[in-house]
Amino acid sequence: MVGWVRSRNQVISPQVEHTTPATVAELLETITETMDRVQHSIDRQRSLADGLTEMRNRLTQAASRLGSQRQVLRQQLADHQSPPPRLASMGAAEREQLKIENARLRNELTDTQQRLEKAERLRARVEQRLAEAKGRCTQAEQLHQQARAQAEDLARRLANLTAISVPTPMAPTSPEPITGPQPLMGETDQRVADQILRHVDQMLQQETSTLDRAHDDLAKSAVTIDQLDMTILPPQPSTSRPPRMLIASAAVVAIGALLLASLLPQIFQRTDQPHASQHPEQSHKPASTPSRHTGWIYTTRAGVFSSPAVVDNTVYVGSSDGNVYALNTTDGTKRWTHTTGSDVDSSPIVVGNAVYVGSRDGKVYALNTADGTKRWTHTTGSAVVSSPAVVDNTVYVGSRDGNVYALNAVNGIKRWTHTTGSAVESSPAVVDNTVYVGSSDGNVYALNTTDGTKRWTHTTGAEVFSSPAVVDNAVYVGSRDGKVYALNTTDGTKRWTHTTGSAVDSSPIVVGNAVYVGSRDGKVYALNTTDGTKRWTHTTGSAVVSSPAVVDNTVYVGSSDGNVYALNTVNGTKRWTHTASDDVNSSPAVIGDTVYIGSNNGKVYALNAATGRPD
């Protein structure tokens, strides 16, 4: 392992021919300085971990309070919706008042649910940074132990040469903990929390650089000390440290560096794994062509709610760490990343040589597929969670500012906007010169692609986060009122509805005569397109927010129980599951014999479509 460190960092240490006390003292001073740098890094990371722990604890408390509040509101709403015995005798005014009160409770419940989801997502991001800080602190402590051992060894040697007592290096001391931030769940506080976590990421990156330099310095000193063993002192089994122990310490350093490299691929880029952009001459076979499966897992720095787009042997996906990633389909190595100003929960779409995607920083991005450089951005009035659709050189996308945008795909200039009554998190479907999209105001909209004028709206019973599927003159979409809707494309009139056990945030897919969709009741549904009757359901362990993909008689979908499911399209029986360590709200992309999907644990998976294994 020492050889690895030498070759990686080009450690060249001249042969020591004549060792003097001054030579040893100089080396001892160098190691002591390295030990001080590492100790300062330990202090900073312990303080950072204390602050993140406090932040996590406050978010846990906030989530607990919001969960209790949600339960109370649910009970109140259930009580109000249960017809009282005197309902028949109520006057019109009393009935209207009851209706208003029910609407208020529903709005409060929705707001509480959204705040709870924000708290839980933010807590997951904090947990991930906390784990990174603790991991770096552990590595730093190992480096400090190695530096201290080297310093003690040299101090003994120097004392033997000069017969002068040399003080033993001081043991590390624990720092005073810092006070953690106090995040809340409003939009402003969410932005503040994002800023805090970006600052945390910068600190972690700085500490990584510090530790990388320290392990390089200690690798050099290990080589020099090995040479001192051969030049000035005879073997002393009772007191001296055998060279193999120094080699073992260097091995710890190297292993620590490798572990950091696996945890932070965006910071440590191994020179033997170049980006695709370093080899522009590399040919690409279209990813849509079936190829032999090669599985892998790539780790980002935060949850992956975004759904992958796979084009020309490249996986494009967003992460809540604020980056858009381009990964090689063959082995998951990173081609490039592009950093936005906040979480990228929107799913990319690739058209020609451009990647289009939204960010919670309120912008729509157009990036070059080759290297991730920016073509243009367009700023909306709030977070862009909606995923773009691109048709005829126009980008259609929603924003939480309540607008649907039509942008010029070449330069990002606005063609038109249409204002709905609330946030637009649904992703548009564009068919036959019409944009179909849902809004948190509870409506499904059909808009003219030319100027954004309204063709029709259909009102559901709650917010519409689901994205429409348009097939054979019918619009299929879910609503948070728990229903799946089939609407006529011509006028928005209802063909049928199917009621599930909870909100339907999943987006339907239509294959043949079946509609496949998930529900927050934990089930995957297969419904008949003609009348909405149930073909089958499959129950998972938690909410199904992920939108299904259907390939070769198999339904692929994620669940908040932490599993990816492959189900038989005919009867819903399970073919296989793959377990992640956190919610799978990302939606799968199936290309050839590989399933690409993200998880809230920050990982992007390439799974074998036949077995669900990543190898």
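Summarising the label geometry, the points placed 7 Å from Cα in the beta-carbon direction at residue 495 and residue 413 lie 4.0 nm from one another. The HN-Hα couplings worked out from phi for segment 448-464 by the Karplus form 6.51 cos²θ - 1.76 cosθ + 1.60 (θ = phi - 60°) are 6, 5, 6, 9, x, 5, 7, 8, 6, 10, 10, 8, 9, x, 6, 4, 10 Hz, whole numbers, x standing for Gly and Pro. When each of the peptides 109-120, 129-140 is scored by how many other beta carbons lie within 10 Å of its residues on average, the order from highest to lowest is 129-140, 109-120.
When each of the peptides 436-448, 404-416, 382-394 is scored by how many other beta carbons lie within 10 Å of its residues on average, the order from highest to lowest is 436-448, 382-394, 404-416.
Protein heavy-atom surface of segment 430-471, 1.4 angstrom probe: 39% of the accessible area is carbon and sulfur, with nucleic acids and ligands not counted. A Förster radius of 60 Å, combined with the Cβ-Cβ distance separating residue 111 from residue 145, puts the computed FRET efficiency at roughly 0.70.
Averaging the Cα positions of each part gives two centres, and for segment 99-118 and segment 515-581 these lie 28 Å apart. Here's how it looks for residue 426: its modeled amide H is under 5 Å from those of 438, which are all 5 or more places away or on a different chain. Normalised per residue, the accessible area of segment 300-438 is 30 Å², obtained with a 1.4 Å probe and no contribution from ligands, DNA or RNA. Taken along its three principal axes, the alpha carbon spread of segment 344-466 comes to 44, 27, 20 Å, from the longest extent down to the shortest. Distances between placed amide hydrogens fall under 5 Å for residue 345 paired with 360, all partners being 5 or more residues away or on another chain.
The values are calculated or read from the model by the stated rules, or taken from the named source; none is laboratory data. Model, not experiment: these values are computed from the prediction. Ideal geometry is used to build each Cβ from the backbone, glycine not excepted, and the neighbour counts take in all protein chains shown. To get the accessible areas, we keep the full protein, side chains included, count just its heavy atoms, and leave off ligands, DNA and RNA. Shrake-Rupley method; radii C 1.70, N 1.55, O 1.52, S 1.80 Å.
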